[in-house]
1. Rounded, prolate or oblate: pick one for the range 303-349, where a ≥ b ≥ c are the square roots of the eigenvalues of its C-alpha gyration tensor, a/c under 1.5 means rounded, and failing that, prolate if a/b is larger than b/c, else oblate.
2. Going Cα to Cα from Lys275, which lysines come in below 24 Å? Please leave out same-chain ones fewer than 8 positions away.
3. As an exercise, identify the trypsin sites (Lys or Arg not before Pro) in the range 308-388 lying in DSSP coil whose Cβ has no more than 14 other Cβ atoms within 10 Å.
4. Could you give the nm distance between label points at Asp403 and Leu286, where each point is 7 Å from its Cα heading toward the beta carbon?
5. To the nearest 0.05, how large is the calculated FRET efficiency for Ala557 and Ala339 if R₀ is 60 Å and r is the Cβ-Cβ distance?
6. Which shape class, rounded, prolate or oblate, goes with the range 308-421 when its Cα gyration tensor gives a ≥ b ≥ c as root eigenvalues, a/c under 1.5 marks rounded, and past that a/b bigger than b/c marks prolate?
7. Treat each spin label as a single point 7 Å out from the Cα along the C-beta direction, and report the Ala461 to Lys659 distance in nm.
8. Length gain on complete extension for the stretch Val245 to Gln276, per 0.36 nm per residue less the alpha carbon to alpha carbon distance?
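Bear in mind these aren't lab numbers, they're just calculated from the coordinates by the rules spelled out. Computed from a prediction, not measured in an experiment: that's the story for all the values here. Using ideal geometry, Cβ is built from the backbone for each residue, glycine included, and neighbour counts are taken over all protein chains shown.
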Amino acid sequence: MAESSFGTSLDKMSRGTDTVASTLVGQGNERYAMTLRLQDDATVRVAPVDVTPIRHPVGERPLHAPTLLESDFPVSAVGQKARHGRRRPDPVYGAHKWWARRPPESIRALLIAAALPADAEEEFWRRFDDDEDLSYADARVADPFLGGGTSLVEAQRLGAAVYGMDVDPLAAMISEHELTHLDTAEFAAAADQLIAHLTPLVEQLYPPHDETEEPLHYFYLREVECPSCATEGLLYKSLVLARDVGKNGGVVRGGDLAAFCPACHGVQQIPAARKQLDCCGRRFKLASGSYDLGKYTCSACGQSSTHEQLKTGMRRRILIAVEVTRNDQHRLIRTPTEAESDQLWEDDARLADQYTKLVLPDAPFQTALRNHKPGVYGFESFASLFSPRQLLVFGSAFRWLSDQAFSVRIRSALALAVSNALASNNLLCAYATDYGRLAPLFSVRDYSLPVLSVELNPLHATAGRGTLRATIRRVAASKGATGDHDMRDSSVQVADATTTAWPDAGGFDVVMTDPPYFDYIAYSDLSQFFRAWLDAAGLSPAKISGDPLYEGRDSRATFATRLGATFKKAADRLKPNGVLVFTYHATTAEGWQAAVDAIRWAGLSVTEAFPLWADAKSPGHGHAGNIEFDVVFCCRPATVSGWTTVSADNWAKRFGAEKIADTEVAAWRQACEQINAVHVDDGARYDPR
């Protein structure tokens with residue numbers, strides 16, 4: 001275990017013969033410097049206070065001692081650590097879906113570097129690799145845009161007391177779970193009760209064809225009506241349901257390729273090399289379909305129509321195939337039985353009979369979402385995103401959970417498990433054809449309608465991605481040997497960071513955050529998919545608190561002032577040697593300028609900025625040219641620090657032989673241009689409005 005704490009490390013940075021340190025007195029924009037002179041004998045003599053506000057031109061030496069974070073942070077090596085971590089996810093972050101989590105390895109590295117002097121890279125790596133390091137044992141860390149809680153979990157692991165807030169109650173609920181202890185034995189007992197309660201219902205709704213198999217996946221297509229001639233037809237892109245092509249991690253199945261006949265809907269197992277399917281006296285190309293390039297083509301009149309024109313989401317579902325697991329055999333995709341096809345009508349009747357006994361999310365989209373895509377597909381409410389039997393299972397689960405007298409922690413943990421399973425049990429789930437597994441909703445960061453949708457048996461005993469059994473295991477694993485770390489003081493609040501007062505007690509050594517970006521996806525729209533259920537069951541900690549920072553409607557000035565207001569609150573709560581660190585990326589010069597405007601509005605200076613790998617490119621996020629690197633901004637009050645200058649060429653050199661995409665460098669140049677465009681004004685508070 002490391003002996004040095006956050007405070008001790010910073011003390012070492014200031015001590016030495018005739019070394020100058022600094023502190024601040026006063027509040028807000030009226031803070032002034034008070035110089036302290038530290039001698040070898042550690043006797044502190046206070047120099048006269050200069051009541052003139054300190055103003056630093058660009059690049060002038062700061063009054064604080066630079067940290068490793070602000071001098072020569074090992075960007076390339078840390079990025080490699082983060083990439084490796086993506087392949088072996090930390091179970092503490094697996095309790096529930098959240099979007100765009102920053103790599104925990106990167107956050108840990110940034111925190112450790114902020115506690116070390118500029119020349120301490122060897123010590124940095126020693127602490128980074130020491131799972132018992134407590135660099136922040138006497139420190140406080142805050143995050144005003146909490147999201148999935150990574151910054152506070154990593155700070156807590158380093159020994160810090162932590163505080164965070166987010167407007168989204170789901171973010172707060174997830175983070176609260178990550179930061180607090182859970183009695184896993186008590187949780188397991190409660191989870192067993194839930195499974196026992198649901199098992200008879202699930203056995204009725206997802207019955208096996210015979211005793212040798214257990215249904216796992218149900219494949220559906222939609223029968224749509226042409227808006228031009230009213231002819232009905234099956235909407236499909238390809239006849240292929242699944243194939244075994246030897247993918248690493250793919251399912252080994254009985255038969256190379258499973259395909260269906262568009263005439264009789266029968267399923268065949270054929271060799272993977274085949275390009276055609278013979279059935280019903282005809283030959284069909286496997287790669288052909290009625291839907292291509294985002295449009296359905298009517299076989300009768302040739303008219304092409306979009307999902308919006310067809311209202312595809314609310315058209316009749318046709319059960320095309322069932323995938324089953326079999327005793328001591330490979331999985332098999334087969335033609336549905338008549339009873340399995342008739343089950344759809346029986347489910348409708350059962351749902352109508354049980355409707356008032358269930359907890360269901362009946363909120364319409366037009367009042368709950370700024371992203372209207374589900375409505376474009378024809379869906380009308382959150383409940384309409386689920387099949388009747390999915391509503392029966394999860395409506396029963398949430399009803400049962402809301403009626404139990406569990407402790408707050410146990411009930412919250414179970415609610416996360418049930419909520420997380422929703423992403424894999426809805427009508428927007430697709431199928432990874434070459435891997436043989438379900439692709440849950442939000443595999444891309446949006447509401448996306450698959451042509452071939454897949455329904456999962458939610459209580460399958462041994463297989464299935466996103467069953468209730470699987471999500472319960474993930475919650476338990478998040479509090480296992482590596483998950484339930486040595487907990488320290490934590491406080492999480494559902495609040496709007498732009499307007500909420502921060503805690504008065506003490507100050508923060510580091511504010512570490514990943515704020516919304518100027519051109520970002522509205523994650524509150526995505527989280528509402530889960531919150532609609534949690535709210536209906538009374539299991540959400542609160543309602544959403546105010547408007548998220550930016551939902552695609554604010555001007556740059558509005559965004560900058562709202563973000564700047566949060567940064568100003570952070571600056572006012574920083575300890576004298578504290579630092580605000582945030583990660584950010586943008587695809588336009590306006591997006592970078594918004595961030596720089598917010599920093600200036602808050603009365604802060606950028607002491608260092610550099611790129612750091614954040615995430616593999618993922619579709620559906622941001623705009624064309626989506627980037628993998630964030631830019632890390634290190635900021636201190638302008639009263640103690642000058643504004644740095646940066647160079648995209650120098651940034652690229654820090655990655656050595658590592659290949660950097662042209663789109664990344666272009667974004668870096670935009671960022672550097674906006675950072676370097678800042679000039680010190682006459683001292684008045686900067687106002688982007």
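1. Because a/c hits 1.5 or more and a/b fails to exceed b/c, the range 303-349 counts as oblate.
2. Within the straight-line cut-off, Lys275 pairs with Lys237, Lys247, Lys285, Lys295.
3. Arg370
4. 5.0
5. 0.45
6. Oblate, because a/c is 1.5 or more while a/b does not exceed b/c.
7. Those two pseudo-labels are separated by 4.8 nm.
8. 9.5 nm
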